[in-house]
Amino acid sequence: MGFDQRSIPSMRIREGIFRQAAFFFLWILIFVIPWENGVVIDGFGTLSRVVGIPAFGMALLTILESGTLRGLALQQAIMLSYIVWGGLTYFWSLAPSSTVTSIFTFIQLFTMVWLLWEFAQTRREQLLLLRAYTLGSMVSSVATLTGFFSASGPQSGHYSGLNFNPGDLAFILALAIPISLYLAVQERRKILVWVDGSAAVLAFCSIVLTASRGSLLACTPTLLIVPFLFPKLRWGRNLLILVFLALAGIGSWLFMPESSWLRLSTIGSEITSGTLSERTMIWQAGWQVFGKAPLQGVGAGAYAPTVEHIRGLASDAGGTESGDQVGRLVAHNTFFSILVEQGVIGFALFFALLLTLALSAWKLSRVDRAFWLCILLTWAIGASNLAWDQRKPTWVIFGLLIAVTATKLVPYKRSLRQRSLPGDPAEFYRQTSLPAEISRSQGLS
């Protein structure tokens with residue numbers, strides 16, 4: 001049977017509808033990630049999982065309809081190698097059940113990176129997804145401030161909201177601050193500039209309320225990008241951003257409770273002579289665990305149960321939790337966690353990923369380079385205080401950076417299926433596919 005050329009317009013229309021629907025659900029997914037713990041469905045998971053399923057479903061329909069798939073970038077190939085290696089650690093893991101959980105988590109995270117790669121190919125789409133993150137951060141900020149003003153009570157000097165750990169929430173918001181300022185520079189509509197500035201102010205005030213010392217330190221790289229942003233702006237926009245920065249400082253000073261101030265004031269003493277909230281003791285136990293399997297690691301996700309087993313706590317190496325001790329015995333350092341769990345090999349793969357991300361960011365334009373290097377530095381500082389190798393914001397940042405660095409390249413695609421075409425199939429495919437490819441590259445440039 002011959003291929004009906006009259007069906008091409010309808011195919012393109014369906015593909016466009018599926019693609020728009022996939023991007024819509026992807027936008028919602030990025031929006032809910034900063035406050036996903038606020039809605040947890042028993043037996044299913046957080047709200048982000050609810051949104052992620054239709055996003056992936058629409059993505060599959062789009063790929064099947066178009067018959068094409070974008071080739072992976074170098075960074076994604078390294079990601080995939082890192083995930084495969086994490087899966088292999090199951091065969092010698094000291095906590096197999098924890099490793100299985102980590103494997104499924106990594107698969108979901110890589111799927112999200114692929115969605116960003118496939119459906120955030122233009123600068124407009126990438127900016128929209130960055131804005132989705134900032135808007136989502138405003139939800140968490142408002143919840144934190146509402147909890148404080150309603151006198152819901154501090155948690156050992158910490159304030160938080162939406163069922164988040166204060167440290168995790170503060171780091172989510174720390175990433176939102178440079179994103180908000182960057183969007184304020186890029187945006188022309190004044191109302192959105194005010195939204196971006198308000199997001200930055202709310203985020204910083206909420207970070208102070210959480211009294212997270214590591215996340216407060218992670219905010220310092222944001223100051224480095226300000227000189228790179230201001231020369232590109234008119235004096236009115238510069239003044240407006242300075243007003244937002246002043247409001248963030250004044251607001252946090254006026255509304256910061258004494259408990260938060262006392263905790264934040266111990267940053268210097270904890271670094272020089274303290275235990276960093278007992279983290280040094282956890283790292284010492286982790287170093288003992290690393291000595292058992294330095295090359296291949298003890299298994300992805302096995303840090304906490306293995307350390308608990310060595311310290312003789314109630315949990316065993318199979319990954320059974322024992323109250324609050326499990327939460328306290330996580331590595332509290334992403335790099336050390338990867339080193340212990342996946343060994344030197346896994347750590348080398350992750351380091352190669354970070355290196356390629358930094359090098360790709362360096363090739364961007366002046367403003368974009370400053371922004372993305374700031375984001376990476378913010379993440380590195382915050383991740384040194386938390387175990388964030390399996391957290392969604394980490395992979396959102398990585399995935400978006402990979403997509404941004406490829407926006408000036410025509411996406412390479414390979415055919416997924418063979419069609420029965422009239423005449424010369426190669427010539428027909430060239431005539432029908434080239435216009436879409438050209439339009440895609442024009443949108444990316």
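The values are calculated or read from the model by the stated rules, or taken from the named source; none is laboratory data. Quick caveat: nothing in here was measured; it's all calculated off a predicted structure. Here the Cβ is made from the backbone with ideal geometry for all residues, glycine too, and neighbour counts use every protein chain on show. The accessibility values were calculated without ligands, DNA or RNA, using every heavy atom of the protein model including side chains. Shrake-Rupley method; radii C 1.70, N 1.55, O 1.52, S 1.80 Å.
Among the residues making up the stretch 168-191, those that are in a helix (DSSP H, G or I) and either modelled with pLDDT under 90 or farther than 23 Å from VAL32 by Cβ (or both) are LEU181, ALA184, VAL185, GLN186, LYS190, ILE191. Is there a residue in the stretch 88-105 that is without any contact (Cβ under 8 Å) to a residue 60 or more places away in the chain, open to solvent by 10 Å² or more (accessible area, probe 1.4 Å) and of a type in the set (S, T, N, Q)? Scanning the stretch 88-105, I find no residue that is without any contact (Cβ under 8 Å) to a residue 60 or more places away in the chain, open to solvent by 10 Å² or more (accessible area, probe 1.4 Å) and of a type in the set (S, T, N, Q), so the answer is no.
Being of a type outside the set (Phe, Trp, Tyr), at pLDDT 90 or above and crowded, with 22+ Cβ neighbours inside 10 Å is the requirement here; does ALA218 meet it? Give the steps one after another, and end with the answer.
On the way: of a type outside the set (Phe, Trp, Tyr): yes; at pLDDT 90 or above: yes; crowded, with 22+ Cβ neighbours inside 10 Å: yes.
Yes; evaluated as a whole, the condition is true for this residue.
Those residues that are open to solvent by 70 Å² or more (accessible area, probe 1.4 Å) and either modelled with pLDDT of 85 or more or in contact with a Leu (Cβ under 6 Å, 6 or more places away or on another chain) (or both), I need them from the stretch 143-167; list them, please. Don't jump to the end; show me each part of the working.
First pass over the stretch 143-167, keeping only residues open to solvent by 70 Å² or more (accessible area, probe 1.4 Å): 146, 149-152, 154-156, 163, 165.
Within the stretch 143-167, THR146, ASN163, ASN165 qualify.
Put simply, of VAL404, VAL410, VAL344, VAL396 the only residue that is hydrophobic (A, V, I, L, M, F, W, C) and at pLDDT below 50 is VAL410.
Here is a yes/no grid of residues against (1) among the aliphatic types (A, V, I, L, M); (2) part of a strand (DSSP E or B); (3) closer than 30 Å to MET11 by Cβ:
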{"residue": "LEU72", "(1), (2), (3)": "yes, no, yes"}
{"residue": "GLN76", "(1), (2), (3)": "no, no, yes"}
{"residue": "ILE83", "(1), (2), (3)": "yes, no, no"}
{"residue": "GLY87", "(1), (2), (3)": "no, no, no"}
{"residue": "VAL100", "(1), (2), (3)": "yes, no, no"}
{"residue": "ILE103", "(1), (2), (3)": "yes, no, no"}
{"residue": "THR111", "(1), (2), (3)": "no, no, yes"}
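Consider the stretch 328-358 and keep the residues that are open to solvent by 10 Å² or more (accessible area, probe 1.4 Å) and not in a helix (DSSP H, G or I). The one that is farthest from TRP379 (Cα to Cα) is VAL330.
Pairing each residue of the stretch 67-80 that is touching a residue at least 60 places away in the same chain (Cβ under 8 Å) with any residue that is among the acidic types (Asp, Glu), provided the two are 6+ apart or on different chains, yields C-beta distances under 7 Å for ARG70/GLU118.
Can you say whether PHE91 is of a type in the set (Phe, Trp, Tyr), farther than 25 Å from MET58 by Cβ, in a helix (DSSP H, G or I) and at pLDDT 95 or above, as far as the supplied structure shows? In short, yes. Among the residues making up the stretch 106-134, those that are closer than 19 Å to ARG49 by Cα, open to solvent by 30 Å² or more (accessible area, probe 1.4 Å) and not aromatic (Phe, Trp, Tyr) are ILE107, GLN108, THR111.
Among the numbered conditions (1) within 28 Å of PHE351 (Cα to Cα); (2) touching a Pro at 6+ places or on another chain (Cβ under 8 Å), the only one that TRP85 does not meet is (2).
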